[in-house]
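Undergrad: This is the structure, below, for whatever I ask next.
The values are calculated or read from the model by the stated rules, or taken from the named source; none is laboratory data. These figures come from a predicted structure and were not determined experimentally. Quick reminder, even Gly has a Cβ in these numbers, built from the backbone with ideal geometry, and neighbours come from all protein chains shown. Accessible surface areas use protein heavy atoms only, side chains included; no ligands, DNA or RNA. Shrake-Rupley method; radii C 1.70, N 1.55, O 1.52, S 1.80 Å.
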Amino acid sequence: MSNDEIKSFALSLGFFRVGIAQAEKLDGRYLDEWLQRGYHGEMSWMHTRRDLRLDPAQLFPNARSIIVCAMNYFTADEQKGDSSTAFISRYARGEDYHLVLKARLKKLLSYIQQRESQTKGRVFVDSAPILEKEWAVRAGIGWRGKHSNIITRSHGSWFFLGELIIDRELDIDQSFPKDYCGACTACIDACPTRAIIEPRVVDARRCISFLTIERKSEQSPPPELAQKMGNHIFGCDICQEVCPWNQKFSQQTDEQPFHSRIGLPELALERLISMNENEFAQRFQFSPIKRCGYDRFIRNIRTALQNYRQKNSAGKIMLT
């Protein structure tokens with residue numbers, strides 16, 4: 001079967017862009033330098049699974065081609081509210097994208113196997129050691145922005161990536177040829193914790209997404225970071241929100257699973273802090289938010305509440 005048939009079916013599944021890269025071992029210099037600087041923080045798996053990330057054949061024997069698919073998740077809701085209301089990253093306001101994309105990619109694999117019965121493959125959605133951003137560039141999806149996310153000229157960077165590795169050689173797409181960020185440093189300048197050390201290099205230890213999701217300690221981060229987290233309790237969209245490509249080219253997703261299921265009344269910090277573990281499990285059963293777990297979720301709310309109370313107290317002092 002042809003590449004066009006594969007791509008056409010993938011587009012019918014809700015992906016807006018599809019590209020194909022050759023499954024080959026990657027040069028590990030960029031990853032090694034990042035790890036040596038300690039920018040991975042507590043994400044020890046980035047180091048222990050280093051070799052797996054660089055060689056698709058270690059993840060899937062006889063890997064020949066990597067089909068990279070992009071699915072738009074942008075919703076226009078700005079979750080506007082004051083600092084007494086929690087902020088949750090746009091990607092986490094709907095259903096768990098892992099479940100949505102995996103189901104679609106499995107359909108794509110089945111479609112290929114119906115026409116090429118001997119084909120074998122494996123699906124990846126941000127849940128295995130694969131350098132998906134590198135493969136996205138190689139497959140021609142887009143370029144790596146200075147905030148380190150992949151950007152397209154049609155949708156900006158508000159999209160999920162998923163990969164299907166198969167043991168069949170396909171025609172390979174051209175790697176994305178150009179960086180369209182130019183001299184812009186909006187994302188670097190806007191990061192409140194200065195996590196973007198230099199273009200395309202993020203120190204996860206300072207990143208609000210890491211601090212609210214991956215950081216294991218149940219204690220709040222050091223004050224110099226905690227105070228800059230504001231009301232963020234799960235993830236951070238600041239670097240994407242200020243990106244000119246997103247401001248100009250974001251498109252409302254047609255995928256209902258990614259539309260927000262969280263209203264502002266539900267996000268009041270004073271209300272969330274009283275949530276018990278059972279309520280957390282039920283409320284976020286099919287949400288990416290379950291990833292951080294109950295204890296860290298409450299830790300994040302506690303930090304956000306402290307920031308709100310300090311800000312509110314400072315405002316009262318200024319008025320008196």
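Undergrad: Take peptides 200-211, 93-104, 250-261 and line them up by average Cβ neighbours within 10 Å, highest first, as a rough protection proxy. Before the final figure, lay out the partial values.
TA: Values: 200-211: 21.3, 93-104: 19.4, 250-261: 16.0.
Sorting 200-211, 93-104, 250-261 by mean packing, highest first, produces 200-211, 93-104, 250-261.
Undergrad: Taking the Cα of residue 251, stepping 7 Å toward and past its beta carbon, and measuring to each backbone N in region 1-23: which are under 11 Å?
TA: Backbone N within reach: 15-17.
Undergrad: Does anything in region 116-158 have its amide N under 18 Å from the 7 Å Cα→Cβ label point of residue 57, and if so which residues?
TA: Residues 120-122, 130-131 qualify, since their backbone N sits under 18 Å from the label point.
Undergrad: Among residues other than residue 211 whose Cβ falls under 15 Å from its Cβ, what is the net charge (Lys/Arg +1, Asp/Glu -1)?
TA: +3
Undergrad: If I model a spin label at residue 271 and residue 110 as a point 7 Å from the Cα along the Cα→Cβ vector, what separation in nanometres do I get?
TA: 3.9
Undergrad: What is the Rg over Rh value, at two decimals, for region 1-130, using alpha-carbon atoms and the Kirkwood definition of Rh?
TA: Ratio of gyration radius to Kirkwood radius for region 1-130: 1.04.
Undergrad: Give me the orientation-averaged projected area of the Cα convex hull of region 170-286, in nm², one decimal.
TA: Here the figure is 11.4 nm², rounded to one decimal.
Undergrad: How high is the FRET efficiency from residue 3 to residue 120, r the C-beta distance, R0 22 Å, rounded to 0.05? Let's see the in-between values first.
TA: Values: r = 18 Å, r/R0 = 0.84.
Efficiency for this residue pair is about 0.75.
Undergrad: Between residue 127 and residue 42, what is the spin-label point distance in nm, taking each point 7 Å from the Cα along the Cα→C-beta axis?
TA: Label-label distance for residue 127 and residue 42, simple model: 2.3 nm.
Undergrad: Note the direction-averaged projected area, equal to a quarter of the hull surface, for the Cα convex hull of the chain, in nm².
TA: 17.3
Undergrad: Would you calculate a helix-derived [θ] at 222 nm for the chain, using -39,500 (n - 2.57) for each DSSP H run of n ≥ 4 and dividing by the full residue count, to the nearest 500?
TA: -9500 deg cm²/dmol
Undergrad: Accessible area of the chain with a 1.4 Å probe: how many percent of it is carbon plus sulfur?
TA: Working: 7450 of 15400 Å².
Its accessible area is 48 percent carbon and sulfur atoms.
Undergrad: Excluding residues on the same chain fewer than 8 positions from residue 120, give the aspartates and glutamates whose Cα lies under 16 Å from its Cα.
TA: Cα-Cα hits under 16 Å: 163, 167, 169.
Undergrad: Take the residue pairs 25/106; 146/216; 7/102; 7/106; 290/311 and return only those whose Cα atoms are more than 20 Å apart.
TA: Violating the 20 Å limit, Cα to Cα: 25/106; 146/216; 290/311.
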